[in-house]
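Novice: Questions regarding the structure given below will be posed in turn.
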Amino acid sequence: MKILEDGICSISSVKASGYREGKYGVSILYHENSTAAAVYTTNKVYAAPIDITRKHLEDGNISAVIVNSGNANCYTKEDGIKKGLELAQLVADDLSIPLEDVAVASTGVIGRQMPMDIIKPVAIKSLGKLGNSRQHASDAASAILTTDTVTKECAIEASLNDGTTFRVAGMCKGSGMIAPNMGTMLGFITTDLKVDKDTLQEALRESVKKSFNMVVVDGDESTNDTVLVMSTNEIEAEVDENFQEALDYVCISLAKQIAKDGEGAKKFMEVVCEGAKTLDDAILVSKSVVSSSLVKTALAGADPNWGRIISAMGYSGVEFDPDNVSISIGSSDETVVIVDKGDVKTYSNPEQLEKAEELMGKKDIVITVNLHDGDASTTAYGCDLTYDYVRINAEYTT
């Protein structure tokens, strides 16, 4: 795979824009007659834009997406639907496309009506900036941010088995209210490979399962989560497993970027579960550890408290033998085995605990647990829990 530098605009036929005034921003993506698929939050309280986008994607075809930040347009009843459609109509009229070909997404404060007197002029200015360049991609990735501190983008070029090259490019936002499944996150992905809607939907579900559904920042699940993929259908070839691999790569990269930018986060954590009986078991164990507030605060304090890790594994709901578990703490180039098949190594080698403490002080930490019970494995992504997280969320609506 080749890494590309132009973000969502790495596909030359895709137009993007973004404009912000204060906390309110609007981004737009445009490619006429794109095949599309999406996945959404599983929260029973979901935002008006999800209602709109679900209906507009029923035929698997859209031409544009409008995304606003600063207001979630959630728990806003019929007025929320009307205002979401008003933004979609604005795009449809400007681009001369049907209203039903416009998807809508929102992020921001829940339970407040959309201030159309502010957001609509911002949307109009964003529409006037549509184009394809590195700057257009940056503007689009920036305008959708809320408590995020950095933009999140990934684009690659890959090849099918027959040698046909294609591209996959994406951007997302997400920093807090991140928990399985997905979190307060919006993700938008484009590809120039022609993929039918059913294949696209299944591929997206598979990628989300490995990526966005494996991220935990704080344990809260949002009302607005949406990940949407658009195919411009420019490159016709026999779609094979290499497309799934490319889509996985982009989604996992974006998911990691969300975890690294968790609200108030100073450290990034990967939790690898190996040796599980089934993939579902591996998912449950890794997510249980990465979700643990006690593990996350231990990470913040560089405390190699492996007792918190084994405890989180124990309440995951997975059946395993605690006396056959291995636990290690490491970084990209070094690992310390704390427990080896139930044998606590730090009792007889206290210097290993000291080394683990040193590794816990690094910015990127890998916690690996092995159940020694099968061949399934997976990785969950998260971050530490700091004082700044409390400050950010204590002041969120004020």
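The values are calculated or read from the model by the stated rules, or taken from the named source; none is laboratory data. These numbers come from a predicted model, not from an experiment. Counting neighbours? That spans all protein chains shown, and the Cβs are built from the backbone with ideal geometry, glycine included. In case anyone asks, the SASA skips ligands and DNA or RNA and just uses the protein heavy atoms, side chains included. Shrake-Rupley method; radii C 1.70, N 1.55, O 1.52, S 1.80 Å.
Novice: If amide hydrogens are placed 1.01 Å from N in the peptide plane, which non-local residues have theirs closer than 5 Å to the one on LYS266?
Specialist: Hits under the 5 Å cutoff: ASP384.
Novice: Continuing with this model, one more query. What whole-number value in Å² describes the accessible area per residue of segment 274-398 for a 1.4 Å probe?
Specialist: On a per-residue basis, 50 Å².
Novice: Counting only protein heavy atoms and using a 1.4 Å probe, what share of the accessible area of the chain belongs to carbon plus sulfur, as a whole percent?
Specialist: Result for the chain: 47 percent of the exposed heavy-atom area is carbon or sulfur.
Novice: Note down the magnitude of the dipole of segment 1-137 about its Cα centre, charges +1 on Lys and Arg C-beta and -1 on Asp and Glu C-beta and zero elsewhere, to the nearest 20 debye.
Specialist: So the magnitude is around 500 debye.
Novice: Please pull out the direction-averaged projected area of segment 71-184, using the convex hull of its alpha-carbon atoms, in nm² to one decimal place.
Specialist: The Cα convex hull of segment 71-184, projected and averaged over all directions, gives 9.7 nm².
Novice: Once fully extended, how much extra length lies between VAL109 and LYS266, figured as 0.36 nm per residue of separation less the alpha-carbon to alpha-carbon distance?
Specialist: 54.1 nm
Novice: Continuing with the same structure: Out of these labelled values of semi-axes √(5λ) of the Cα gyration tensor in Å, [x] 38, 24, 18; [y] 36, 34, 17; [z] 41, 29, 19, which was calculated from the coordinates shown here?
Specialist: Entry [x].
Novice: Ratio of segment 1-63's C-alpha Rg to 2.2 N^0.38 Å, to two decimals?
Specialist: 1.39
Novice: Treating only the Cβ atoms of Lys and Arg (+1) and Asp and Glu (-1) as charged, compute the dipole magnitude of the chain about its Cα centre; round to the nearest 20 debye.
Specialist: In total the dipole reaches around 1400 debye.
Novice: Related question: Lys/Arg Cβ at +1, Asp/Glu Cβ at -1, dipole of the chain taken about the Cα centre: which of GLY80, ILE329, THR297 is farthest positive-ward?
Specialist: The listed residue farthest towards the positive side: GLY80.
Novice: Sticking with this structure for a sec: Across the Cα atoms of segment 257-373, what radius of gyration and what greatest pairwise Cα-Cα distance (Dmax) are found, in Å?
Specialist: 13.4, 39
Novice: Compute, for segment 238-310, the length of the dipole vector about the Cα centre, with Cβ point charges of +1 (Lys, Arg) and -1 (Asp, Glu) only. Units Debye, rounded to 20.
Specialist: Once rounded to the nearest 20, the dipole reads 680 debye.
Novice: Can you work out the Karplus-derived ³J(HN,Hα) for every residue in segment 32-44? Use 6.51 cos²θ - 1.76 cosθ + 1.60 with θ = phi - 60°, whole Hz, and x for glycine or proline.
Specialist: Residue by residue, segment 32-44 yields 5, 6, 8, 6, 9, 8, 8, 10, 9, 4, 9, 5, 5 Hz.
Novice: Pull out the extension gain between GLU5 and GLN135, defined as 0.36 nm times the separation in residues minus the alpha carbon to alpha carbon distance; nm, one decimal.
Specialist: Stretched out fully, the GLU5 to GLN135 stretch lengthens by 45.7 nm.
Novice: With the Cα gyration tensor of segment 321-372 giving a ≥ b ≥ c as the square roots of its eigenvalues, does the rule (a/c under 1.5 for rounded; else a/b larger than b/c for prolate; else oblate) give rounded, prolate or oblate?
Specialist: Oblate, because a/c is 1.5 or more while a/b does not exceed b/c.
Novice: Picking from VAL325, VAL271, VAL67, which is most flexible by a Gaussian network model of the chain using Cα springs under 10 Å?
Specialist: So, out of VAL325, VAL271, VAL67, the one fluctuating most is VAL325.
Novice: Read phi for every residue in segment 73-82 and hand back ³J(HN,Hα) as whole Hz from Karplus 6.51 cos²θ - 1.76 cosθ + 1.60, θ = phi - 60°, with x for Gly and Pro.
Specialist: Per residue, the Karplus-derived 3J(HN,Hα) values read 6, 10, 6, 10, 6, 5, 4, x, 5, 4 Hz.
Novice: Same structure again: Highest mean first, how do 165-172, 105-112 rank when packing is the count of other Cβ atoms within 10 Å averaged over residues?
Specialist: Ranking the peptides 165-172, 105-112 by packing returns 165-172, 105-112.
Novice: May I ask for the net charge around ILE62, where only other residues with Cβ less than 13 Å from the Cβ of ILE62 are counted and Lys, Arg are +1 while Asp, Glu are -1?
Specialist: -2
Novice: Now a separate question. Which pairs break 22 Å Cα to Cα here: LYS197/LYS260; LYS15/LYS125; LYS2/LYS194; LYS197/LYS277?
Specialist: From the list (LYS197/LYS260; LYS15/LYS125; LYS2/LYS194; LYS197/LYS277), the Cα-Cα distance tops 22 Å for LYS197/LYS260; LYS197/LYS277.
Novice: Roughly what would the spin-label model give for ALA237 and GLU334, points 7 Å off Cα along C-beta, in nm?
Specialist: Reported label-point gap for ALA237 and GLU334 is 4.3 nm.
Novice: Then there is this: For segment 1-159, would you read off the P(r) tail past 19 Å as a percentage of all alpha carbon pairs?
Specialist: More than 19 Å apart: 53 percent of the Cα pairs in segment 1-159.
Novice: Ok, one more. Per residue, how many Å² of accessible area does segment 110-149 show with a 1.4 Å probe?
Specialist: The answer is 45 Å² per residue.
Novice: Can you tell me the order of 188-201, 229-242, 24-37 when each peptide is scored by its average per-residue count of other Cβ atoms within 10 angstrom, highest first?
Specialist: The peptides rank, most packed first, as 24-37, 188-201, 229-242.
Novice: Okay, next question. Quick check: pseudo-label points 7 Å beyond the Cα along Cα→Cβ at THR165 and GLU358, how many nm apart are they?
Specialist: 4.5
Novice: Mind giving me the nanometre distance, one decimal, between the label points for TYR315 and GLU86, set 7 Å out from Cα along Cα→Cβ?
Specialist: Spacing of the two 7 Å Cα→Cβ label points: 4.6 nm.
Novice: Provide the packing ranking of 86-96, 311-321, i.e. peptides ordered by the mean count of other C-beta atoms within 10 Å per residue, highest first.
Specialist: 86-96, 311-321
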